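A quick write-up on the structure given underneath.
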Amino acid sequence: MARPKIALIGAGQIGGTLAHLAAMKELGDVVLFDIAEGTPEGKSLDIAESGPSEGFDAKLKGTQDYADIAGADVCIVTAGVPRKPGMSRDDLLGINLKVMKSVGEGIAANAPDAFVICITNPLDAMVWALQKFSGLPANKVCGMAGVLDSARFRHFLSLEFDVSMKDVTAFVLGGHGDTMVPSLRYSTVAGIPLPDLIEMGWTTKDKMDAIVQRTRDGGAEIVGLLKTGSAYYAPATSAIEMAEAYLKDQKRVLPCAAYCDGDLGVRDMYVGVPTVIGAGGIERIVNIKLNKEEQEMFDTSVKAVQGLVEACKGIDSSLA
Ligand code: A3D
């Protein structure tokens, strides 16, 4: 059986890391696409030359030609610009919307059967626009944010409790922005919900609130440290987790930006919700019950995403 084909649209910091991870995990052959001449070719060759030492079997190709992504099983989109210190994700909207139009057309023409994972910010609005521009079925187009935001939350919780990150589960819902909703009730250590751990004296509500805020600011914390761009190792790892769930039909339960049309009360929008990812793409949205406080936070987050979607419609009339 032929190896799966993974197309990475954007060969910058995240794109290069995605290519390295996909090859090392032998998820398939990798095509790295970018408009910057030489970058995808150079990164592909460099990663291919790590193959003999690592011992993986995967072909890598760098290109500026969309024809090379033909028949891709998975497309992961990072094309666009990242933020710099002082910028919010929303400041990227105008420029990255134009990029989504060309990427959507390129995918529609060459890889219409692919499972598409968008990472470009502002995430929830960009994945919404990418699905519209590409015309691919909504269950085959999703955005990576929840896995990363939850991983950040899990990491901080594991430090607080001094336990393995493997035993910490967490859910972050809503839009991938300052209003995201890290849920205490649905986050656990080995199945014990965080509110119970507060009652057990393992931690305090104040400490949990501080960790929730650090999670919300997780992207900005790294932008502030790097100064020249945004995070890329953990974002790439998170998207690879989603791609692997699709390629291996793992039926993983992962939070991601999925198309909601009535789910959790959201209409015609992409927003972070728990999903099941398998060979059918986004196979199911898990319609969890939110309490009053969570629902208010979720609604605020959805409103923020709605504002960005309306801004997209204002910029590109074909989306209206
Ligand atoms: P960067 O290293 O700048 O790579 C972006 C690449 O896109 C560059 O190589 C560009 O040449 C290329 N590019 C620009 N326009 C096009 C185009 N029209 N077609 C093809 N390629 C193009 O950025 P990065 O890899 O650090 O980040 C990529 C995106 O991911 C940014 O928008 C970030 O804001 C976003 N990001 C999202 C998350 C989430 O959790 C959602 C996390 C981190 C970064």
Sole miss for GLY135 among (1) within 13 Å of the ligand (Cβ to nearest atom); (2) within 20 Å of LEU319 (Cα to Cα) is condition (1)
For the range 32-47, pairs from a residue that is more than 11 Å from the ligand (Cβ to nearest atom) to a residue that is open to solvent by less than 70 Å² (accessible area, probe 1.4 Å), with Cβ under 6 Å and 6 or more apart or across chains, are GLU41/GLY62; SER44/LEU32; SER44/LEU60; SER44/GLY62; ILE47/ALA19; ILE47/ALA23; ILE47/LEU60
So GLY104, is it of a type outside the set (Phe, Trp, Tyr), in contact with a Lys or Arg (Cβ under 9 Å, 6 or more places away or on another chain), within 14 Å of the ligand (Cβ to nearest atom) and open to solvent by 10 Å² or more (accessible area, probe 1.4 Å):
no
Inside the range 124-151, the number of residues satisfying the requirement of being aromatic (Phe, Trp, Tyr) and either open to solvent by 10 Å² or more (accessible area, probe 1.4 Å) or part of a strand (DSSP E or B) (or both) is 1
Apart from one, (1) open to solvent by less than 10 Å² (accessible area, probe 1.4 Å); (2) within 13 Å of the ligand (Cβ to nearest atom); (3) within 15 Å of the chain's Cα centre (by Cα) all hold for ILE119; the odd one out is (1)
When every residue in the range 271-320 that is surrounded by 18 or more Cβ atoms within 10 Å (Cβ to Cβ) and hydroxyl-bearing (Ser, Thr, Tyr) is compared, the one nearest to GLY146 (Cα to Cα) is THR275
Does the range 169-176 contain at least one residue that is touching a residue at least 24 places away in the same chain (Cβ under 8 Å), within 15 Å of the ligand (Cβ to nearest atom) and part of a loop (DSSP other than H, G, I, E, B)?
yes
THR17 fails exactly one of (1) in contact with a helix residue (DSSP H, G or I) (Cβ under 7 Å, 6 or more places away or on another chain); (2) free of Cβ contacts under 8 Å to residues at least 40 places away in the same chain; (3) buried (at least 18 other Cβ atoms within 10 Å of the Cβ), namely (2)
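Collect the residues in the range 105-123 that are touching a residue at least 40 places away in the same chain (Cβ under 8 Å) and not in a helix (DSSP H, G or I), keeping them in residue-number order.
ALA111, ASP113, ALA114, PHE115, VAL116, ILE117, CYS118, ILE119, THR120, ASN121, PRO122
The values are calculated or read from the model by the stated rules, or taken from the named source; none is laboratory data. This is a predicted model, so every value here is computed, not measured. Cβ sites come from the backbone with ideal geometry, for glycine too, and all protein chains shown count toward neighbours. All accessible areas refer to the heavy atoms of the entire protein, side chains included, with ligands and DNA or RNA removed. Shrake-Rupley method; radii C 1.70, N 1.55, O 1.52, S 1.80 Å.
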